[in-house]
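To keep things clear, I will list the structure first and then write my remarks on it.
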Amino acid sequence: MGIENLLLGFHVAITPYNLMVAVVGIALGTVIGVLPGLGGANGVAILLPLTFRMPPTSAIILLTSLYWGALFGGAITSVLFNIPGEPWSVATTFDGYPLARKGQGAQALTAAFSSSFVGALFATILITLFAPLLANLALKFGPPEFFAIQMLTFSSFVGLGGSDPLKSIVSIALGFMLAAVGLDIVTGQLRLTFGLTPLMTGFDFIVAVIGLFGIGEILISVEEGLKFEGARTKLNLRVVLDTWKELPRYWRTFLRGCFIGFWMGFKPGGATPASFMSYAFARRASKHPERFGKGELEGVVAPRRPPTQPASPPCCR
């Protein structure tokens with residue numbers, strides 16, 4: 001019955017109407033991913049009223065397509081403007097923007113989109129085959145497991161910090177301080193709000209990340225002559241085909257990133273730690289780690305792994 005239901009699902013999904021809905025959702029999601037500060041979850045919430053008069057299956061296709069499109073769209077501003085459209089696109093800026101400054105922005109975008117597609121396809125297939133088993137495993141995770149995952153993630157952050165790990169540790173400590181502001185979700189007590197009502201909601205991670213990267217780029221542009229211009233690039237079929245010929249060289253990075261993204265997806269880790277961990281493992285396993293951060297195509301391939309959760313989509317969690 002499982003195979004029959006799966007085939008029936010494909011039969012419903014490939015109808016002309018549902019395919020059109022998927023294309024519209026991906027297009028809207030890409031636009032939302034390009035706009036800093038919105039994100040896939042916010043985009044799904046904003047466009048949720050569009051689904052009120054749609055068939056349930058088509059509505060789910062629209063929302064999921066929009067979410068996946070937002071995952072892909074965040075790479076565009078990361079590569080061309082050094083401003084991540086999503087928190088999990090931060091690691092893409094490390095090598096994507098240097099590649100764009102060298103005139104290889106089309107190659108970086110092609111690598112980002114292709115690796116995202118491979119990672120999403122890989123995770124979707126595994127989650128379809130092993131969803132019940134993984135759901136039961138995810139429910140067994142408690143505070144000790146969550147703490148261990150975060151410690152592993154912070155260790156990868158320190159590894160990405162280069163020769164001075166102290167700066168990474170200080171940055172992590174500042175992040176903990178900002179995350180502590182607001183209402184404690186466990187006890188309901190206020191922390192570090194100093195009597196200010198706006199601080200009750202805390203600091204939004206997306207706003208902090210975009211401000212960290214975006215404001216820095218604006219200040220650099222002002223210092224260089226009051227011009228804020230992204231790296232120019234021209235994407236055409238020839239560049240895409242040439243990049244695709246080069247990508248099979250990084251099959252180990254593809255495979256490693258797929259498993260990391262899939263593993264972090266159904267556990268309480270999420271997309272952002274997964275992207276940093278994948279980038280860190282790729283640099284550590286590379287024969288030329290000194291090239292990372294200076295415009296290495298493998299550095300764009302590694303973090304573009306959208307984790308897939310076996311639970312409900314972000315709008316319903």
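The values are calculated or read from the model by the stated rules, or taken from the named source; none is laboratory data. The structure displayed is predicted, hence computed values, not measured ones. Neighbour counts run over all protein chains shown; Cβ positions are idealised from the backbone, glycine included. What goes into the accessible areas is simple: the full protein's heavy atoms, side chains included, and nothing from ligands, DNA or RNA. Shrake-Rupley method; radii C 1.70, N 1.55, O 1.52, S 1.80 Å.
Hey, can you tell me all the residues within region 27-58 that are of a type in the set (A, V, I, L, M, F, W, C) and over 19 Å from the mean Cα position of the chain (by Cα)?
ILE46, LEU47, LEU48, LEU50, PHE52, MET54
Are any residues in region 46-63 open to solvent by 60 Å² or more (accessible area, probe 1.4 Å) and not in a helix (DSSP H, G or I), and if so, which ones?
PHE52, ARG53, PRO55
Among the residues of region 172-189, which ones are out of contact with any Phe, Trp or Tyr (no Cβ under 7 Å at 6 or more places or on another chain) and closer than 25 Å to ALA41 by Cβ?
Hits for region 172-189 are LEU174, GLY175, PHE176, MET177, ALA179, ALA180, GLY182, LEU183, ASP184, ILE185, VAL186, GLY188.
Restricting to region 126-154, count the residues that are open to solvent by less than 40 Å² (accessible area, probe 1.4 Å) and more than 30 Å from ILE169 (Cα to Cα).
Qualifying residue count, region 126-154: 5.
What number of residues within region 64-111 are open to solvent by 20 Å² or more (accessible area, probe 1.4 Å) and either in a helix (DSSP H, G or I) or within 14 Å of GLU298 (Cα to Cα) (or both)?
Residues in region 64-111 being open to solvent by 20 Å² or more (accessible area, probe 1.4 Å) and either in a helix (DSSP H, G or I) or within 14 Å of GLU298 (Cα to Cα) (or both): 13 in total.
Quick check on my filter: what residues within region 162-204 are touching a residue at least 12 places away in the same chain (Cβ under 8 Å) and among the aromatic types (Phe, Trp, Tyr)?
Residue satisfying the conditions is PHE203 alone.
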